[in-house]
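The structure that follows is given in the form of structure tokens.
The values are calculated or read from the model by the stated rules, or taken from the named source; none is laboratory data. Since the model is a prediction, treat every value here as computed from it, not as a measurement. Note: ideal-geometry Cβ built from the backbone for every residue, glycine included; neighbour counts use all protein chains shown. For accessibility, only protein heavy atoms count, side chains too; no ligands or nucleic acids. Shrake-Rupley method; radii C 1.70, N 1.55, O 1.52, S 1.80 Å.
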Amino acid sequence: MAVVTLYLVATATFILMHAVPGNPLQQEKAMSAVIRQNLEEKYGLNKPLLQQYTTYMSNMFLKADFGISFKQVNRPVNKIIAEHFMPSATLGVMALFGALVFGVILGVFAALNRNGIPDMFAMVLAVLGVSIPSFCLAYFLQHIFALQLGILPVGGWGGFAETLLPAMSLGMIVMASMARLMRSSMLEVVQQDYMKTAKAKGLSRLQIILKHQIRNAVLPVMIYFGPLFATITTGSFVIESIFGIPGLGQFFVNAVNELDYTVIMGLTVFYSGFTILIILVNDLLLAVVDPRIRLA
Amino acid sequence: MNKTAAQNDGNFNPSPDLFVPVSIDDQSLDGILGRPSISYWQDAWMRLRRNKTAIVSALYIVVLSLCAIIIPMSLDYSHDQQEIWNKHSPPSFGEDVYVDSGDYVFQPKTTEQVIDESAEAAIDVPASPKNVRVVGEPRTTGIEIEWDQVSGIDGYRVYRSISTDTLGIPLDDVPADRINYFDTSSLSKGVTYYYVITAFNMFGDSMDTEILTVKPRFAIQPDVARAIDPNAQPGSIIKTKAHYLGTDYLGRDMLARIMIGARVSLFIGFAAPILYILFGIIYGSVSGYFGGLVDDLMMRITDIVATVPELLVIIILQVVLGNGVTTLIIALVAVSWARSARQIRGEVLRLREMEFVHAAKVLGTGFFTIVARHLLPNVMGTVLVLLTLAVPSAIFTEAFLSFIGLGIEPPMTSWGIVTKEGAAVFVTYPLELLIPSLMICLTMLAFNLLGDGLRDALDPKLRGAK
């Protein structure tokens, strides 16, 4: 199923890409007919579109070869992905799982102190979190933590400290919505009969909260988690450029602007594949948390 | 009393005189049901009214929309009118500004270059010029600096900085036979400048330089002044126009830019979601109503649309249609309709199995009538909530796209563009990022809170709950 989706995404991207007027060679300076002919031959642009399509698809799906970039001369797309994927992935995963952990904690914290000061504090934070664009937040965080307080680096990539600010800016929206979902889910679970049963059995408050309330409440939250991954990947380009992170985002935006066919295709398929993978992992996690779900 | 007895033997025959005819609007029934009989929408409206935050949010949205229409018309500025001499102005109601005479001509002061044998023989950097001083009154229209001559050098280099920590940028090189310099390059009011003049020869710049601290007076050229006040006389003091939120890096009024930006952002924010939800309703109800193979096929299409990268679609549309508000709306519709179609399809799928739909089908009602009379009114709640939550996300996307340079084209403005331009100068002029960010935040907040309020008000499960 996943492969079919990937194939269809690749086909749709291929069609969209070739629907744009121009081709990657045309945008360069005027070149002689011979050079153009040679270049077209090298990249296979002189062949009919259908043949280009079949060659490309078979290379991609059978040999996992995304071809070479048009603009970064002779650089294989596979290499671009291999070199620049780690920063993006680290950032995305840190942002998402940080958001999940802190969002759940915040939501639990708010629900347990319902209508109290902690609840109000957590919900104000959650509502503010969904209201501030990630790029604004990035600048504010950078200014406060890096320039004013000087406790975290302004940008760059390398150690753990560098990942904190970008992950925070990227994950804020997710964290805020997680916290809100978790809170309402917790409050819904409290009213269930099995909570009364647990209390009647004489379980301690901590046991009830950990084993019965949180475990049941986290399920609906997790269902929303997979699709949120898409939000993260779109936002990452700006965050990567603000903090100077050598991630994949910049390559994608530049490639689309320059109509670098192979890079667009490679990154699109790669991103989609990664998203599908994350959703799959999320489903597996869901099965771990909820024994009622049987893995087919 | 005898009713119970009659029921007990299982043969209850009600006599017609037990029944009393009532009309539909009989108010006496309200008491029997325990509360006044009101329609679903009346009930929702009542509950929404009780939700103070939602009402305040709705008011904010209305006021903002009105402001976006009225304020740009009442200002004597347009969003792209530049006052290049009044850049990065803080918020003000108009400032006093000195009108320059305009006839000042800078005279380069030359001296005889003395050949100093001892200096010529030196193999080190020269000494710094002494006694660096300002000539006349320093104004933002120009600052004249003079210094004592240093002999045996190749020239002087003028540096200007806005802090004492660094030397700043080299403004210009002055030939060795001149001892003064007139700086007119983009001087801002209220800023303290630190000038450093070094002498240099083949070994490099001199060390141990003097720092000249200058805070120029806010002044403008007479022809600029006449644009503000036709009767402005050179040498007099006039008042600049009011900039209630200050000006940006080109001296454009921030209030005008933010309000025009609000027009663009709100227009996109409303138009795009309305269009794609409308499309989603049509697509979703066809898919949900027919089910089976049609549903499968239509849903696979939305799957693919949802996974194709948004940026790719948007950029392609821009290449084909050109930059602008219309393109942005079409692009947003193109990438977002699939999600709303799925949600509405889910809702229709649920409603389709309801008894009243079956009843309608049995009565021979056609597809359009069922959808229009039975399904749509019941999905309206979902649609309304979807819409209020889609508006902030559309404004967000617009801001994001304009921020990375794929949205609105300058000089037209939007919140994304104002934010982007503010971000570039955030460290020195934080207000220029803070104000547009605050506007985006408040608007997002208002739509989110209103959406939450609507969802609570329209949820039948919460009916009667406080």
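Looking only at residues that are within 14 Å of chain B (Cβ to nearest Cβ) and surrounded by fewer than 16 Cβ atoms within 10 Å (Cβ to Cβ) in the range A:13-48, which one is modelled with the highest pLDDT?
A:Ile15
Pick from B:Ile268, B:Ile260: which is more than 14 Å from every other protein chain (Cβ to nearest Cβ), within 17 Å of B:Pro392 (Cβ to Cβ) and part of a helix (DSSP H, G or I)?
Residue meeting the stated conditions: B:Ile268.
Could you tell me which numbered condition A:Gly156 fails, if it satisfies all but one of (1) open to solvent by less than 50 Å² (accessible area, probe 1.4 Å); (2) on the phi < 0 side of the Ramachandran plot?
(2)
Sort out which residues of the range B:49-80 are more than 30 Å from B:Pro410 (Cβ to Cβ) and buried (at least 19 other Cβ atoms within 10 Å of the Cβ), and write them in order of number.
B:Ala54, B:Ser57, B:Ala58, listed by residue number.
Still on this structure, please answer the following. Could you list, in sequence order, all residues of the range A:194-209 that are part of a helix (DSSP H, G or I) and open to solvent by less than 100 Å² (accessible area, probe 1.4 Å)?
Matches in the range A:194-209: A:Tyr194, A:Met195, A:Thr197, A:Ala198, A:Ala200, A:Gln207, A:Ile208, A:Ile209.
Moving on to the next point. Is it fair to say A:Gly116 is over 18 Å from A:Gly171 (Cβ atoms), more than 12 Å from chain B (Cβ to nearest Cβ) and small (Gly, Ala, Ser)?
Spelling it out, A:Gly116 is indeed over 18 Å from A:Gly171 (Cβ atoms), more than 12 Å from chain B (Cβ to nearest Cβ) and small (Gly, Ala, Ser).
Ok, one more. B:Leu449: in a helix (DSSP H, G or I) and either of a type in the set (D, E, K, R) or crowded, with 20+ Cβ neighbours inside 10 Å (or both), yes or no?
Yes: the conditions hold for B:Leu449.
Right, here's the next one. Filter the range B:314-353 down to residues that are assigned to a loop (DSSP other than H, G, I, E, B) and open to solvent by 60 Å² or more (accessible area, probe 1.4 Å) and give me whichever is farthest from the other protein chains (Cβ to nearest Cβ).
Restricting to residues being assigned to a loop (DSSP other than H, G, I, E, B) and open to solvent by 60 Å² or more (accessible area, probe 1.4 Å), the top hit is B:Glu353.
The rows are residues; the columns are (1) part of a helix (DSSP H, G or I); (2) under 20 Å from A:Pro133 (Cβ atoms); (3) modelled with pLDDT of 85 or more.
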{"position": "B:Val379", "(1), (2), (3)": "yes, no, no"}
{"position": "B:Thr382", "(1), (2), (3)": "yes, no, no"}
{"position": "B:Val391", "(1), (2), (3)": "yes, yes, yes"}
{"position": "B:Leu401", "(1), (2), (3)": "yes, yes, no"}
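Could you check the range B:243-290 and list, in sequence order, the residues that are closer than 13 Å to B:Ser336 by Cα, open to solvent by 30 Å² or more (accessible area, probe 1.4 Å) and of a type in the set (A, V, I, L, M)?
B:Ile274, B:Leu275, B:Leu278
Matching residues to (1) surrounded by fewer than 24 Cβ atoms within 10 Å (Cβ to Cβ); (2) in contact (Cβ under 8 Å) with a residue 12 or more places away in the chain; (3) within 14 Å of another protein chain (Cβ to nearest Cβ):
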position: A:Phe140; (1), (2), (3): yes, no, yes
position: A:Leu170; (1), (2), (3): no, yes, yes
position: A:Ala176; (1), (2), (3): no, yes, yes
position: A:Leu181; (1), (2), (3): yes, yes, yes
position: A:Val189; (1), (2), (3): yes, yes, no
position: A:Gln192; (1), (2), (3): yes, yes, no
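Can I ask one more? Provide a single number: the residues in the range A:107-129 that are surrounded by fewer than 22 Cβ atoms within 10 Å (Cβ to Cβ) and either of a type in the set (A, V, I, L, M) or within 23 Å of A:Ala167 (Cβ to Cβ) (or both).
The total comes to 10.
Of all the residues that make up the range B:83-106, how many are surrounded by fewer than 17 Cβ atoms within 10 Å (Cβ to Cβ) and outside any helix (DSSP H, G or I)?
Number satisfying all stated conditions: 12.
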